[in-house]
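Here's the structure we're looking at; comments come further down.
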Amino acid sequence: MKQVAVVDYGMGNLDSVARAIEECGGRPVVTDRAAEIESATHIVLPGVGAFGDGIRNLRARGLDEILREHAVVGGIPFLGICLGMQLLGTRGYEGGVTEGLGWIEGEVRRLEPAGEDQRIPHIGWNEVAFTRASPLFAGVDTGQDFYFVHSYHLVCHDKEDVVAVTPYCGGFVSAIARGRILGVQFHPEKSQRLGFQVLRNFLAL
Amino acid sequence: MPKIRVMPTLLFKDVGLVKGVAFDSWRRVGSAMQAVKVYNMREVDELVYLDITATSDGRPPDFETVDDLADECFMPLTVGGGVRTVEHVRRLLKVGADKVAINSAAVEQPALIREIADRFGSQCVVVSIDARRRADGTYESYTHAGRRADAEAMGAGEVLLTSIDRDGTLQGYDVELTRLVSDAVSIPVIASGGAGTYAHMAEVLREGRASAVAAASMYHFTEQTPLAAKQYLRAAGFSVRL
């Protein structure tokens, strides 16, 4: 049984993520404790909220160092969801300018409409087009719809980190991967069948 | 572009789901849990769940019920009714709501919307506007499902726009009202109130520039379904998720 640490830093839809992991065959533990994160087989960083608050909450609980130790150094498979993916960047511009975790080089910027009727926040189902193969999307076709609800996006400096993009506001990064550090801008826990496939793929890492 | 969304609305009163006409004459239409399970199985785009008497009864949101429903809901869920504080929002998001709809509280304390948006992001704040057409053709908006007030979508990520006049009539959305609001804001607008046929949906999406169509009565009281709505809309040239 995969033991999945769902990181609790006071931001977000922890229960939804935990329930989806359960449905996908994992055993979720919602936690902010080092021991439970260390003993997990997988780590998920969910997140709904503003970048500045998110990073401050992580730091206030010492989670920035704990996560770095076990995900970046220790190599436990890690999945950031929505804000949880954005926090991996170098810097964020939501709620003031804030330094991010800096695991992935890039900035978190507000989406800018690229045409009439491009409304922000970007809410709803949109296409996720692969830019390269990733185990995260095994069994999923490119161009399928996943559920998004966000106003900011991660602009990656290194194209190698990008796994998928979505055609809105000039195109934005909707999935990243660097080794076993993964991130998705959409919500797999709310994307029904295809979302569960992504979660199962993650749990299989 | 994101796909247009077809969203069933569940109205909760006391212990079960209800549906009325023009915000009155409520009829019982079944259990919330059963409805959530069915819509989950059918993979609808998104679900709206409104506790319509929480505010008038002076109750906070029923967190336990939302928790139970959200446990069976692996699709986006917007929850409203009785939301008056930042703490209410935090708890609803924690138990599984993706967005929180704010109606009465938005009018009485407009700063609340800003506070919620700063804390949790605009994307999870839906301002629910219930509007009624005046004799001179202008509109006024209501809270507490009927009492007059003016609402403003400051800091909100989305507008749930309901025509009180059309609600439950199955005679079509108020396209003019929807267009008025869609043109005035740059956030998505969910049209609500009056859907009776798939053609009504096409009309409010095209002419009203809505991003999503909510409906309740046409699913409760006719044979029409969200899936068939999307098939119709695809054939009519809209981009939908099937």
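The values are calculated or read from the model by the stated rules, or taken from the named source; none is laboratory data. Since the structure is predicted, the reported quantities are computational estimates derived from the model, not experimental observations. As a convention, Cβ positions derive from the backbone with ideal geometry for all residues, glycine included, and neighbour counts pool all protein chains shown.
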Q.
On the basis of being surrounded by 20 or more Cβ atoms within 10 Å (Cβ to Cβ) and more than 12 Å from the chain's Cα centre (by Cα), does A:E127 make the cut?
A. yes
Q) Somewhere in the range A:131-141, is a residue of a type in the set (S, T, Y), within 19 Å of A:R119 (Cα to Cα) and at pLDDT 95 or above? A) no
Q: Taking A:L111 as the residue in question, decide whether it is in contact (Cβ under 8 Å) with a residue 24 or more places away in the chain and touching a helix residue (DSSP H, G or I) at 6+ places or on another chain (Cβ under 9 Å).
A: no
Q. If we keep just the residues of the range B:81-112 that are away from every other protein chain (no Cβ under 14 Å) and of a type in the set (V, I, T), which is surrounded by the fewest Cβ atoms within 10 Å (Cβ to Cβ)?
A. B:T85
Q | Every pair of residues 6+ apart whose Cβ atoms lie under 7 Å, when the first sits in the range A:145-172 and is free of Cβ contacts under 8 Å to residues at least 40 places away in the same chain while the second is of a type in the set (S, T, Y) | A | A:V162/A:T131; A:V163/A:T131; A:V163/A:S134; A:A164/A:T131; A:A164/A:S174; A:V165/A:T131; A:V165/A:S174
Q) Picking from A:G106, A:G100, which residue would you name as being more than 20 Å from A:V163 (Cα to Cα), in contact with a strand residue (DSSP E or B) (Cβ under 6 Å, 6 or more places away or on another chain) and modelled with pLDDT of 95 or more? A) A:G100
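Quick grid of which residues meet (1) buried (at least 17 other Cβ atoms within 10 Å of the Cβ); (2) among the aliphatic types (A, V, I, L, M); (3) in contact with a helix residue (DSSP H, G or I) (Cβ under 6 Å, 6 or more places away or on another chain):
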| site | (1), (2), (3) |
| --- | --- |
| B:V189 | yes, yes, yes |
| B:S192 | yes, no, no |
| B:R206 | no, no, no |
| B:V213 | yes, yes, yes |
| B:R234 | no, no, no |
Q: Test B:V38 against the criterion of being farther than 24 Å from B:I164 by Cβ, surrounded by fewer than 18 Cβ atoms within 10 Å (Cβ to Cβ), out of contact with any Lys or Arg (no Cβ under 8 Å at 6 or more places or on another chain) and not aromatic (F, W, Y), and give yes or no.
A: yes
Q) Do we find a residue being in contact with a strand residue (DSSP E or B) (Cβ under 6 Å, 6 or more places away or on another chain) and either acidic (D, E) or modelled with pLDDT under 90 (or both) anywhere in the range B:84-95? A) no
Q: Pick out the one residue from A:V30, A:V44, A:V4, A:V17 that is within 15 Å of A:I81 (Cβ to Cβ) and surrounded by fewer than 20 Cβ atoms within 10 Å (Cβ to Cβ).
A: A:V30
